[in-house]
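Contents: one structure, followed by commentary.
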Amino acid sequence: MPKATLTLLLDFDDQVQKDHSQAAAFLHRRDRKFALSCQADGRPPGPATWLAHLGGFSGKQAVGGPDMRLRVWRRVTFAFIAVGTLLGVLTMLGLLFYDGSGQINITVILGFVLLQIILAVLTSLQSLLGWRPWGQLPDVLARRFGRAEPSGAILRRLQPQLSARAAHAGGLAFGVSGLLTLLGLVVVQDLAFGWSTTLSTAPETFHRLVHTLALPWQGLWSAAVPSPELVADSRFYRIAPFYQIENTGGSTAPARWGDWWPFVAMVWLFYIILLRLVLLIVAITHLELRARRLLARHPGLTTLLYRMETPALETGNAHSDAADQPRMDTSIQTQPLPDARVAIRWAGAGDENLACSLLSGARPVVLAAGGAAALAEDHTSVEQARLSLGTGGPETVLILTRAWEPPTGELADFLSEAFQHWPRTARIALVPIGAAAGAEPPEHQVAQWLRFIERLANNRLSVSLTPGEVT
């Protein structure tokens, strides 16, 4: 099943951010090989196929579950829907409040519907224009209810469209709950409607107004189109003994005052519910088009296409650095091996006896992840480690790695997922295992792991070495 454009954009941006830590020559060989493979298979290379070629996506999305990077906006949308539903019920109860002493003014209801139309149109305009009248409020909500994501810059550029989608979803819930409340009150109460205004408005003028509003459903429900007689018979004044009507010698028929409810229901349905539904579809379509445009103009896509189309990487430098050693300097230092009850063997590093000897406690837990393990198995290991961690204080998980193998983006994704699911007090200690049993790895191998956690910039990560006597 193809991925949504927004999710594809976030996956692509995350992968581009991770590629910044890789050498240019490696990226060129990898992507050029992918382009040649696509050419041989007769399929066009693109962001989706490129990400699939790299062996899955960023890991932020659980298997078969929602995208975790959009959890803040899902919460915002659900909050709008919940508040809109409650306000729809309360608003309709207020508009149709009837104690028998007077009629419910149709003019007030039409004025409120007009206000809702204005708000809905303004919401769509701010989305189309990319206007952010709320300032930094979404960023504050993201820091309060979510966590910093590598794709945060992309989501910030899509805030107007995401906000419009949430607002229209809440407006649609408002309209539906209001209409259901109206129908419920019609059943359980004998509502009396009428119309009145301080302005000198003749019944004929008001009838032309309501008749124009009822044009969309004239052929669907004739009872929802007020007649001139109903308009004339239901006008009331601020002081009108026995509800006498101007230029009439008798009183209006109170039984007809309830005939307005079909018109009120259809006005609410067409000008609030259907309008919000149409604008919600427009907001979703606009979000899709905006995400597609950002993906097409992503700087990383231009660089990727260049790497795929260029047969050779020309550096313009005659100096050969084959004999040069990589830089070893880093501000990060190794830390003593901490006490831990859980160890994860990454890509089969070490063995279970070695992992158990590094753990303390009566029931050590040794898990496996990475390497030949499937993505679902990595998720299972993260969940098992979470269940083994306590909640009373900070605990550390050891992740055993092969010291001579360079850190990979797959490991960075695994660490990011672990920090998302484990308690905030949990820490991770990377333990590079040397090739010789019981011997510490060489300094240049340890240095690459120190630079790795320095790039990740997470103070909950550290590098520890095994004691010399461990075998």
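The values are calculated or read from the model by the stated rules, or taken from the named source; none is laboratory data. What you are looking at is a predicted structure, and each value in this text was computed from that prediction instead of being measured. Cβ sites come from the backbone with ideal geometry, for glycine too, and all protein chains shown count toward neighbours.
Pairing each residue of the range 74-97 that is hydrophobic (A, V, I, L, M, F, W, C) with any residue that is modelled with pLDDT under 90, provided the two are 6+ apart or on different chains, yields C-beta distances under 7 Å for 76/141; 96/104; 96/191. When every residue of the range 361-382 is checked against the conditions, at least one turns out to be assigned by TED's automatic domain parsing to the domain that holds residue 439, part of a loop (DSSP other than H, G, I, E, B) and either β-branched (Val, Ile, Thr) or modelled with pLDDT of 85 or more (or both).
Out of 125, 87, report the one residue that is part of a helix (DSSP H, G or I), at pLDDT 95 or above and either within 19 Å of residue 170 (Cβ to Cβ) or not assigned by TED's automatic domain parsing to the domain that holds residue 213 (or both). That would be 87, the only listed residue that is part of a helix (DSSP H, G or I), at pLDDT 95 or above and either within 19 Å of residue 170 (Cβ to Cβ) or not assigned by TED's automatic domain parsing to the domain that holds residue 213 (or both).
Conditions tested, residue by residue: (1) more than 27 Å from the chain's Cα centre (by Cα); (2) at pLDDT 90 or above.
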residue	(1), (2)
287	no, yes
297	no, no
305	yes, no
312	yes, no
329	yes, no
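Taking residue 420 as the residue in question, decide whether it is more than 20 Å from residue 381 (Cβ to Cβ) and touching a residue at least 24 places away in the same chain (Cβ under 8 Å). Answer is no for this residue. Considering the range 185-208, the residues that are free of Cβ contacts under 8 Å to residues at least 24 places away in the same chain and in a helix (DSSP H, G or I) include one that is farthest from residue 261 (Cα to Cα), namely 205.
Residues in the range 341-360 that are part of a loop (DSSP other than H, G, I, E, B), surrounded by 13 or more Cβ atoms within 10 Å (Cβ to Cβ) and of a type outside the set (A, V, I, L, M, F, W, C): 341, 348, 350, 351. Among residues that are buried (at least 16 other Cβ atoms within 10 Å of the Cβ), farther than 30 Å from residue 155 by Cβ and in contact with a strand residue (DSSP E or B) (Cβ under 6 Å, 6 or more places away or on another chain), residue 104 is included.
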